[in-house]
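This report refers to the structure that appears directly beneath it.
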Amino acid sequence: MGKEELQQLSQMRELYHQKISQIEEQITKLDQVIHEHETTFRSLKQLEISKENKGMVPIGAGVQIPVDYTNVEYAIIDIGSGFHAEKSLEESSKLLEIRIGELKELIEQLVEEHGITQKAILEINNKLESQIKTIENPELKPDKSKSERSRKRRRPRRGELTLDD
């Protein structure tokens, strides 16, 4: 294996490391989305059974507005591509439950892909290590003492000194 092939393996390993970083980022973001969905799901379930008519509505930046509500029977929910629909609390809860399941499946696929990529990195590392050992192994290198002997000039038999002496 030549120097170019070793460089290609190193580049592939680096690409796989970048892919792993991206997968881990995606998993983190999906975990956050799942957490948000689960919080919303619990809130909807609480609204379904609650007799109390007071609550807090977050408007952003940690600010909430206290509200009094009566007979909450439906929610406006994003059904995809920015379209919103009026759904009963029960239907909204079911839709969130389905989304949570789909997000968890997606995370499982990403975890599987992460494992496959890790395995590919290990294989590349093993190839690189074996090639480096082959290059560094003294048994595979030419014998220095023989090559040095062949390079040395012999003295003439007469005993005369040469420039090498």
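What follows draws every value from the coordinates through simple rules; no lab data is involved. For clarity, every value in this text was computed on a predicted model and none was experimentally measured. Reconstructed Cβ throughout: ideal geometry from the backbone, glycine too, with neighbour counts over all protein chains shown.
Could you say which residue among 38, 86 is out of contact with any Lys or Arg (no Cβ under 6 Å at 6 or more places or on another chain), in a strand (DSSP E or B) and within 26 Å of residue 103 (Cα to Cα)?
Working: 38 fails: in a strand (DSSP E or B).
After applying the criteria, what remains is 86.
Among the residues of region 57-74, write down those that are surrounded by 10 or more Cβ atoms within 10 Å (Cβ to Cβ) and closer than 16 Å to residue 36 by Cα.
Within region 57-74, the subset surrounded by 10 or more Cβ atoms within 10 Å (Cβ to Cβ) is 57, 64, 67, 69, 72-74.
If the condition is that a residue be surrounded by 10 or more Cβ atoms within 10 Å (Cβ to Cβ) and closer than 16 Å to residue 36 by Cα, then 57 is the only one that fits.
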